[in-house]
Amino acid sequence: SSDHQKETQTMEHVVVDGSEVVVKDPQSLRHKISSIRLAGPEKLQVIADFDATLTKYWIDGRRGQSSHGLLRQGSPEYDEKRQKLYEYYHPLEFDPTIPLDQKAKLMEEWWGKSHALLVEGGLTYDAIKKSVTNSTIAFREGVVELFKFLEEKDVPVLVFSAGLADIIEEVFRQKLHRSFKNVRVVSNQMIFDQNGQLVSFKGKTIHVLNKNEHALDMAALVHDRIDNVNGLNEDNSFVKKRTNVLLLGDHIGDLGMSDGLNYETRISVGFLNDNVENSLESYQKAFDVVYLNDTSMQGVVKLASQLC
Ligand code: TMP
């Protein structure tokens, strides 16, 4: 059909520096790049998912672990209990026949039980450190370069995850060997007692299906932290002023991470790590740019340098 012809004519599916990248509408992308560039870095923020977005999907032929997946709480009995929950709930997470509201309840149930087991099993901060040391987890090549570049430009990066903040922060410490003053982790935060033992979790649980509901809280939090800690801004509209967004995710649901922000221009980048044949169609519709096959962050570094 002529529609189909039009699509194949305008679509870019190219290999750049060894990375396969698909851009469904290159003209729209170019347009978004120039609007963001014109508005300047003070209008830009980056919102990134953690697992399989900042981190690699495959590591030496094995699946990279998630912040939940890497945790060994120092009690095989409790690790096994959490694994049982995973085996029960993970298929439900991806079951297309369960209505969303029902699925959200199931996910709340899963996160609730899992967090409770961590407390009950006596998780310590020490066990987190050890788990991260022994984990199969690695950042994509180019992540450090990306964060450095954005730090130089004073562009904040929100790492938004339904995983565990304390583990993600420990992964940053151990695997990046440095911290970035512009990077903030928004995820489920643990509360430890004086002996370094987990006692509870802070605030409302963030699970896979309410990452978007939390976007506003997240904005408030970042606003607080960045304004107060770095003194980048005196008035109370730090995040609201950052109306341009570069969003990085590996699931279509990750697009909801920017829902709480009234953004002007958003460029969304999707990492399609797996199941390319079945998912490419929907990913290229949903994301402005799609990277295939667990590729590096180098393309995003280039994109960021075009934005500011
Ligand atoms: P996210 O990292 O994409 O935000 O999603 C978190 C993932 O963590 C989700 O796919 C389910 C998984 N998970 C576990 O592996 N173990 C758990 O105990 C829980 C609560 C979630």
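The values are calculated or read from the model by the stated rules, or taken from the named source; none is laboratory data. Predicted model, so just to flag it, every value in this text is computed and none were measured. Cβ coordinates were reconstructed from backbone atoms using ideal geometry, including for glycine residues, and neighbour counts include every protein chain displayed. The protein model used for the area step is the full one, side chains on, heavy atoms only, and it has no ligands, DNA or RNA in it. Shrake-Rupley method; radii C 1.70, N 1.55, O 1.52, S 1.80 Å.
Hey, does segment 190-202 have a residue that's modelled with pLDDT under 90, over 28 Å from PRO26 (Cβ atoms), out of contact with any Cys (no Cβ under 8 Å at 6 or more places or on another chain) and open to solvent by less than 30 Å² (accessible area, probe 1.4 Å)? Even if it seems obvious, please write down each step before you answer.
Step one: list which residues in segment 190-202 are modelled with pLDDT under 90, which gives none.
No, segment 190-202 contains no residue that is modelled with pLDDT under 90, over 28 Å from PRO26 (Cβ atoms), out of contact with any Cys (no Cβ under 8 Å at 6 or more places or on another chain) and open to solvent by less than 30 Å² (accessible area, probe 1.4 Å).
Pick from segment 76-109 the residues that are open to solvent by less than 80 Å² (accessible area, probe 1.4 Å) and over 19 Å from GLY163 (Cα atoms): which of them is farthest from the ligand (Cβ to nearest atom)?
Per the stated criteria, the residue is PRO99.
Do we find a residue being modelled with pLDDT of 95 or more, open to solvent by 20 Å² or more (accessible area, probe 1.4 Å) and of a type in the set (D, E, K, R) anywhere in segment 226-239?
To start, the set of residues in segment 226-239 that are modelled with pLDDT of 95 or more comprises none.
Within segment 226-239, none of the residues are modelled with pLDDT of 95 or more, open to solvent by 20 Å² or more (accessible area, probe 1.4 Å) and of a type in the set (D, E, K, R).
Within segment 120-138, how many residues are away from the ligand (no atom under 13 Å from the Cβ) and touching a strand residue (DSSP E or B) at 6+ places or on another chain (Cβ under 8 Å)?
Summing the residues that are away from the ligand (no atom under 13 Å from the Cβ) and touching a strand residue (DSSP E or B) at 6+ places or on another chain (Cβ under 8 Å) in segment 120-138 gives 5.
Which numbered condition trips up GLN73, out of (1) assigned to a helix (DSSP H, G or I); (2) within 14 Å of the ligand (Cβ to nearest atom); (3) at pLDDT below 95?
(1)
So is ASP154 open to solvent by less than 70 Å² (accessible area, probe 1.4 Å) and touching a strand residue (DSSP E or B) at 6+ places or on another chain (Cβ under 6 Å) or not? Write out each step before concluding.
Numbers: open to solvent by less than 70 Å² (accessible area, probe 1.4 Å): yes; touching a strand residue (DSSP E or B) at 6+ places or on another chain (Cβ under 6 Å): no.
So ASP154 fails the test.
What are the pairs with Cβ atoms under 6 angstrom where one residue, in segment 137-158, is on the phi > 0 side of the Ramachandran plot and the other, located anywhere, is surrounded by 22 or more Cβ atoms within 10 Å (Cβ to Cβ)? Sequence gap at least six, or different chains.
GLY142/MET297
Checking SER35 against (1) open to solvent by 20 Å² or more (accessible area, probe 1.4 Å); (2) near the ligand (Cβ under 9 Å from one of its atoms); (3) not basic (Lys, Arg), which test does it fail?
Evaluating SER35 over (1) open to solvent by 20 Å² or more (accessible area, probe 1.4 Å); (2) near the ligand (Cβ under 9 Å from one of its atoms); (3) not basic (Lys, Arg) leaves (2) as the failure.
Within segment 61-70, track down each residue that is more than 14 Å from the ligand (Cβ to nearest atom) and of a type in the set (D, E, K, R). Spell out how you get there, then give the answer.
Our first condition is that a residue be more than 14 Å from the ligand (Cβ to nearest atom); within segment 61-70, this holds for 61-62.
Listed by number, the list holds a single entry, ARG62.
Looking only at residues in segment 264-294 that are polar (S, T, N, Q), open to solvent by less than 20 Å² (accessible area, probe 1.4 Å) and touching an Asp or Glu at 6+ places or on another chain (Cβ under 8 Å), which one is nearest to PHE149 (Cα to Cα)?
Within segment 264-294, the match that is nearest to PHE149 (Cα to Cα) is SER268.
What is the one condition in (1) in contact with a Phe, Trp or Tyr (Cβ under 9 Å, 6 or more places away or on another chain); (2) under 29 Å from LYS302 (Cβ atoms) that HIS115 does not satisfy?
(2)
Name the residues in segment 171-204 that are within 15 Å of the ligand (Cβ to nearest atom) and either within 20 Å of GLN73 (Cα to Cα) or touching a Pro at 6+ places or on another chain (Cβ under 6 Å) (or both), would you?
Quick first cut of segment 171-204, residues within 15 Å of the ligand (Cβ to nearest atom) only: 171-172, 185-190, 198, 201, 204.
Residues satisfying the conditions are VAL171, PHE172, SER187, ASN188, GLN189, MET190, LEU198, PHE201.
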